Amino acid sequence: MGWKRVAALLAAALLAGLLVGCGGPEDDPAGEKDEESVDSTEMSSQENEVGEEEKMAQYKKIKVDTEKTYQTMESFGTSGAWWSQYVGGFTKEVDDSGRSSREAIAELLFDKEKGIGLTCYRFNLGAGSADSKKGKFSDVHRRAQSFETAPGEYDFSKDANAVWFLKKAVELRVEEVVLFCNSPLERLTDNGLAHMTEGGSRVNIQPEKYGEFAVYCMDMAEYFIGEGIPVKFISPINEPQWDWYNGQEGCHYEPDQIAGVYLAFLDELEKRPALEGVKLSGPESGEWGTAVTQKYAQAILGDGRLAAHFDTIDNHSYWSDETAKKSFRNWMTVHYPDVKLRTSEWCEMVNGSDVTMDSAVHIAQEIAEDLRILDVVSWQNWVAVAPGGYRDGLIYIDEPSQKYRALKRLWSFGNYSRFIHEGYVRVDIEADTREQEKMLPVAFTGVNGDGEQELVMVFINEGVTAQEFVLTGCEDYKKIACHETSDENDLACVLEGEYDSDSTVVSVPRMSVVTVVLTK
């Protein structure tokens, strides 16, 4: 059943109501209708009602239980490494909008009406490899500048393109900024580089330099907060289990080493009144579910001071299937039930450009899994903008021309980020059939900006036929809007009107992601 059929059902229900009204005694003031006529009208009305009930009975049901609640959402976001270092300089006007390329890209990412309304932005505090030109990098764009010119001395005119994007994101109402490091400053590392070149799996910074590393990051946080940037988190470690040889800035740490880093950062953080409310985040493990991932989390949460500070664990969702996520969630529930989880990075690790619904469906499935299994309170994509050749960016760009292309996976991400706001609570949603469960449905309730109570549901259909169903447990809601990402639509509103729990059929077309918003 398509949207025209849904509209037809609604129209039929309305028409049926009008016909019943036309047959009432108020339309026959003289009481001149005979009994046979009245009986005939009543019988016809009853037959119509039975007919509608039979029609609706053919549809499977999806049940929502708003009394059964899970996590409270905090944000959806993306990272500015490393594309913002050059895309922030895209000042050409490449379309008829009158905006520069960089402004149009920023709106697609952060504007709540023209784009997907992301509210979290991860800003990379570089280690200085772009300044020194040292080390081996296959892509010059993966080098990053540092604001430091000498210990304790800074030049904040550096990294200007990346800072432009940071400030533009905040202007477009990003509410949560994470300052993250892939490597300590080059001058603090053992080999003077922002990555390793030899020596196997070993750390590239000694404990006596952790404090200087912390001072730099806290100085950066104080500066940006002074500039009106809502810095909420500082993350000094990135994917510590990997050996960072060439390619990009990075630093390996063993599980028993990261507690020392975080304690040095906590010491420095607690000295700074200007950073009140800022939290440390991590350990940014590259995947969920492995024994090593558990060890990194335990290294933080097993220390009394750190456990008192960390109320979330941030990890990345690479190479993590449903089983791995369930394993980690169960482990956390047993050992640290009050600690929330955040997915702070993910992209589909597949070579080759993709502009179709294939990768759009995959990113939606990853988000849904993390929301449903891990109960994450934040989900963040890596990276927002890319040159193509890989399934990573939400937007592809051509650097010489500064032209850009918004991808289907941008809009399918928006099926979540534009409608599930900070403070919205996930509630139970239960499918009738295995086919419906494959849609990985999620449901959230919250109050929108107009003060209205909303129920937001997202469905993913990877199949070759449409999925059609009716919702139960939603009887108090009166309005419906459906927003579709598909081959034909980019997060378009394809249905808007009155909602009737007895007659409204929801249809999720083949190869699509659909957000259903019910309003009381």
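Which loop GluC sites (Glu not before Pro) in the stretch 248-303, with loop taken from DSSP, have no more than 15 other Cβ atoms within 10 angstrom of their Cβ?
On the way: sites: Glu249, Glu268, Glu270, Glu276, Glu284, Glu287; in loops: Glu249, Glu276, Glu287.
Hits after loop and neighbour filter: Glu276.
Computed over protein heavy atoms with a 1.4 Å probe, the accessible surface of the chain works out to 42 Å² per residue. Working note: 222 nm ellipticity from helices only, DSSP H runs with n ≥ 4, each -39,500 (n - 2.57), summed and divided by the residues of the chain, gives -9500 deg cm²/dmol to the nearest 500.
Only beta bridges with both residues in the chain are counted; by DSSP, about 60 percent of them are antiparallel. Projected onto the charge dipole of the stretch 58-104 (+1 at Lys/Arg Cβ, -1 at Asp/Glu Cβ, origin at the Cα centre), which of Ser101, Tyr86, Thr66 gives the Cα projection farthest towards the positive end? Toward the positive end, the furthest listed residue is Thr66. Placing +1 on the Cβ of every Lys and Arg and -1 on the Cβ of every Asp and Glu, with nothing else charged, gives the chain a dipole about its Cα centre of roughly 2480 debye.
Can you sort Trp411, Trp288, Trp319 by solvent-accessible area, 1.4 Å probe, largest first? The partial results should precede the final answer.
Numbers: Trp411 25, Trp288 5, Trp319 160 Å².
Reading off the accessible areas and sorting them downward yields Trp319, Trp411, Trp288.
Cross-link partners among aspartates and glutamates for Lys114, C-alpha distance below 13 Å, same-chain residues fewer than 8 apart left out? Straight-distance partners of Lys114: Glu103, Asp490.
Of the residues Val383, Cys493, Ile460, the one whose Cα sits farthest toward the positive end of the charge dipole of the stretch 374-520, with +1 on the Cβ of Lys and Arg and -1 on the Cβ of Asp and Glu, is Val383.
Taking every C-alpha pair closer than 8 Å and separated by at least 6 residues, the mean separation divided by the residue count of the stretch 279-320 gives a relative contact order of 61 percent. Listed by chain and number, the lysines placed with their C-alpha closer than 18 angstrom to that of Lys209 are Lys271; residues fewer than eight positions away on the same chain are left out. Taking amide H positions as modeled 1.01 Å from N, with prolines and chain starts lacking one, no residue 5 or more places away or on another chain lies under 5 Å from Ser100.
If you roll a 1.4 Å probe over the stretch 430-506 with all protein chains in place, what percent of the accessible area is carbon or sulfur? Intermediate values should be presented prior to the final figure.
Values: 1360 of 3410 Å².
Exposed carbon and sulfur together represent 40 percent of the surface.
With the charge dipole of the chain set up from +1 on Lys and Arg Cβ and -1 on Asp and Glu Cβ about the Cα centre, the Cα lying farthest toward the positive end among the listed residues Cys347, Thr515, Asn191 is that of Asn191. For the stretch 90-136, the set of GluC sites (Glu not before Pro) satisfying both a DSSP loop assignment and a count of at most 11 other C-beta atoms within 10 Å is given as Glu113.
If one takes the longest principal axis of the Cα atoms in the chain, at what angle in degrees, from 0 to 90 and to the nearest 10, does the Cα axis of helix 322-335 lie? Tilt relative to the chain: about 70 degrees.
Taking the Cα centre of the stretch 401-454 as origin, work out the dipole magnitude from +1 charges on Lys and Arg Cβ and -1 charges on Asp and Glu Cβ, in debye rounded to 20. Walk me through the intermediate numbers first.
Working: 8 positive and 9 negative charges, 145 e Å.
About 700 debye.
Once you've got the Cα coordinates, tell me which of Lys325/Lys408; Lys60/Lys438; Lys279/Lys340; Lys408/Lys438; Lys68/Lys112; Lys133/Lys403 are over 23 Å apart. Result: Lys325/Lys408; Lys68/Lys112; Lys133/Lys403 exceed 23 Å.
The values are calculated or read from the model by the stated rules, or taken from the named source; none is laboratory data. This one's a predicted model, so the numbers in the text were calculated from it and none came from an experiment. Cβ sites come from the backbone with ideal geometry, for glycine too, and all protein chains shown count toward neighbours. Keep in mind that these areas ignore ligands, DNA and RNA; they rest on the heavy atoms of the full protein, side chains included. Shrake-Rupley method; radii C 1.70, N 1.55, O 1.52, S 1.80 Å.
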